[in-house]
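One structure coming up, written as structure tokens, with questions to follow.
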Amino acid sequence: MEPQTPEIRAERAVLGAALLAPHQVERLTPWVTPGCFRQQHHADVWRAMTRIGGTGHRDRYPDVVLNALREAGYPEHTHGGPRLHSYMQACPRPGHAPLYGGMVVEAAMHRAMTYHGRHLQQVAASARPATVELDMREVEATAGRVAGLAPAWQAVPAPVRDRLDPADATRPIAWPDTPQLTRTHADPEAERAFLSGVLADPTAAREYAWIRPADFGRPEHAAAWTAIGELTRADVPIDPITVAWQLTRHGPVAAPLASEDLLAWAREGTRPGAHLGAVAVATGAALDRVDLAGRRLETLGLADAVPPSRLLAEATCSIGPAARDVEHLAEHLTIREIAPHPDTPALLAPARREIQAPPWSVRDGPEHPAPEHDIDDDIDI
């Protein structure tokens with residue numbers, strides 16, 4: 001027995017409408033693909049219909065579809081005559097097929113957004129120093145796939161979009177709670193090593209000016225870097241005393257740092273330590289923003305109340321900071337700098353990341369021919 005959710009009802013209604021009114025197949029095929037369906041057997045039936053077409057079979061279309069499914073070797077209990085008959089019973093009005101199709105596409109967009117969000121969380125959670133470059137490129141690719149959802153929605157005919165997603169700014173939306181940034185990848189020791197290296201060699205302050213205070217996990221470390229930046233821009237010499245004095249302008253947030261701490265940092269700091277610390281600070285902050293983007297995309301994807309236009313707009317805003325981090329790191333760090341240090345043999349060279357197919361995509365078994373169209377064609381997951 002299939003779950004009777006609105007999404008599944010829409011899928012059954014699309015199939016029923018096509019069986020009752022075969023000309024609907026040609027109307028929907030350009031923008032409803034087999035991969036848009038959540039249920040695998042629904043995708044199989046729709047693929048068979050798109051291959052057969054809807055013209056020339058008006059009076060016997062259900063029989064033609066049934067024969068095609070049997071020839072393809074699909075099981076009778078999920079693809080047989082009773083199941084096709086149930087689809088026809090599930091369609092209240094075949095003329096509403098475009099609306100049902102738009103619902104199927106919208107549901108597929110939500111599922112795709114959920115998948116991309118969980119994938120970004122996986123990327124952030126499994127990142128290692130040896131794979132940061134690969135991880136950042138995966139973020140860039142995922143941002144492109146999210147952006148690719150917009151053309152899929154635009155491919156839906158305008159009258160359908162207008163009915164399912166009316167441009168009514170006054171209509172209230174049940175927004176989900178927005179996830180907030182957590183600094184899982186923040187490394188206080190790396191932050192200290194970076195600041196110590198800068199205090200030991202103040203010329204590094206200008207070289208690493210691209211490091212942002214928000215990249216630090218510890219507020220007092222962010223305040224110290226902000227103070228160093230202020231002194232650099234004012235052309236004031238940098239040493240533990242001037243930095244400690246400048247920190248007094250930042251109030252209680254800098255209280256944990258005393259002049260003695262800064263003096264100790266300056267004595268222990270090195271220029272190589274500043275470089276390694278800068279890499280760790282920047283990449284750790286970037287991975288935390290990747291995780292945040294993933295959690296926000298997942299939250300949006302699971303929020304069925306958010307209509308497609310707002311879904312796409314909010315998704316763009318959510319993944320934007322993580323995507324910009326890719327450009328930011330690529331501008332200032334090379335592959336060599338991100339690669340593992342030669343004295344750290346435990347860090348293996350990055351391997352190619354294998355991405356599992358999302359659970360709703362059409363997977364082809366040995367008895368099932370490869371689909372001519374998948375969700376990749378229109379929704380680009």
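Just grab the label-to-label distance for Glu76 and Thr182, each label 7 Å out from Cα along the Cβ direction, in nm (one decimal).
5.2
Using 19 Å as the cut-off for backbone N distance, which residues of region 94-112 belong to the label zone defined by a point 7 Å from the Cα of Ala155 along Cα→Cβ?
Only 97-112 pass the distance filter.
Also, I was wondering about something else. Hey, fewest Cβ within 10 Å first, where do Glu133, Glu71 land in order?
Glu71, Glu133
With only alpha-carbon atoms in the gyration tensor, what are the semi-axes of the equivalent ellipsoid for region 220-279, in Å, largest first?
After scaling each eigenvalue by five and taking roots: 18, 14, 12 Å.
Sorted from fewest to most neighbouring beta carbons within 10 Å, what does the list Val253, Val105 look like?
Fewest-to-most Cβ neighbours within 10 Å comes out as Val253, Val105.
Quick one: dipole size for region 273-329, taken about the Cα centre, charges +1 on Lys/Arg Cβ and -1 on Asp/Glu Cβ, in debye to the nearest 20.
80
If you wrap a convex hull around the Cα atoms of region 92-241, how much volume per residue is inside, in Å³?
197
Report the extension gain between Ala167 and Val253 in nm, rounded to one decimal, defined as 0.36 nm multiplied by the number of residues separating them, less their alpha carbon distance.
My answer for the length gained is 26.5 nm.
Further, regarding this structure: Per Stokes-Einstein, at 37 °C and 0.692 mPa s, what whole-number D in µm² s⁻¹ belongs to region 258-319, with the Kirkwood radius over Cα pairs as the hydrodynamic radius?
In µm²/s, the coefficient is 222.
Between Gln180, Gln121, Gln40, which gets the highest mean-square fluctuation from a Gaussian network model of the chain, Cα cutoff 10 Å?
Gln180
Which percent of Cα pairs goes in each bin when the distances of region 174-322 are cut into 5 angstrom slices starting at zero?
The distribution over region 174-322 is 2, 10, 18, 18, 15, 10, 8, 7, 6, 4, 2, 0, given as percents.
If I build a Gaussian network model for the chain, linking alpha-carbon pairs within less than 10 angstrom, which residue out of Met109, Met136, Met88 has the largest mean-square fluctuation?
Taking springs between Cα atoms under 10 Å, the residue moving most is Met88.
Starting from the amide H of Ala155, placed 1.01 Å from N in the peptide plane, find each other amide H under 5 Å away whose residue is 5 or more places distant or on another chain.
Under 5 Å from the amide H of Ala155 lies no amide H from a residue far enough along the sequence or on another chain.
If I model a spin label as a point 7 Å beyond the Cα along the Cα-Cβ vector, how far apart are those points for Glu268 and Ser86 in nm?
6.7
Could you size up the charge dipole of the chain around its Cα centre, putting +1 on the beta carbon of Lys and Arg and -1 on that of Asp and Glu, and report it in debye to the nearest 20?
920
Taking the structure as given and computing mean projected area of the Cα convex hull in nm², which label from (1) 19.8; (2) 29.0; (3) 23.6 fits?
Evaluating mean projected area of the Cα convex hull in nm² on these atoms matches (3).
Please list the equivalent ellipsoid semi-axes of region 6-92, computed as the square roots of five times the alpha-carbon gyration tensor eigenvalues, in descending order and whole angstrom.
After scaling each eigenvalue by five and taking roots: 16, 15, 13 Å.
Now for a separate question. To test your reading of the geometry: what angle, between 0 and 90 degrees and rounded to tens, separates the Cα axis of helix 271-302 from the longest principal axis of the chain?
Roughly 30 degrees, rounded to the nearest 10.
Gaussian network model of the chain, Cα springs within a sub-10 Å range: biggest mean-square fluctuation belongs to which of Pro307, Pro272, Pro94?
Pro272
Let me ask something else. Hey, if you put +1 on the Cβ of every Lys and Arg and -1 on every Asp and Glu Cβ in the chain, which of Pro30, Thr270, Ala254 ends up farthest toward the positive end of that dipole?
Projecting each Cα onto the dipole axis, the largest value belongs to Pro30.
Next up: I need Ser318, Ser196 ordered by Cβ neighbour count within 10 Å, fewest first.
Ser196, Ser318
With θ set to phi - 60°, apply the Karplus curve 6.51 cos²θ - 1.76 cosθ + 1.60 along region 102-119 and write out the HN-Hα couplings as whole Hz, x wherever there is a Gly or Pro.
Values per residue, Gly and Pro as x: x, 5, 5, 5, 4, 4, 5, 5, 4, 5, 4, 5, 4, 4, 4, x, 5, 5 Hz.
May I ask you to list the residues of region 89-131 whose amide nitrogen lies under 20 Å from a point 7 Å from Cα along the Cα→beta-carbon direction of Ala305?
Under 20 Å, as judged by backbone N against the label point of Ala305, lie 106-111, 113-114 of region 89-131.
Going through region 1-69, which trypsin sites (Lys or Arg not before Pro) have at most 15 other Cβ atoms within 10 Å and a DSSP loop state?
Arg58, Arg60
Just so you know, all these numbers are worked out from the coordinates, no wet-lab data involved. Nothing here was measured: the structure is a model prediction, and the numbers come from that model. For neighbour counting, all protein chains shown are included, and Cβ atoms are generated from backbone atoms with ideal geometry for every residue, glycine included.
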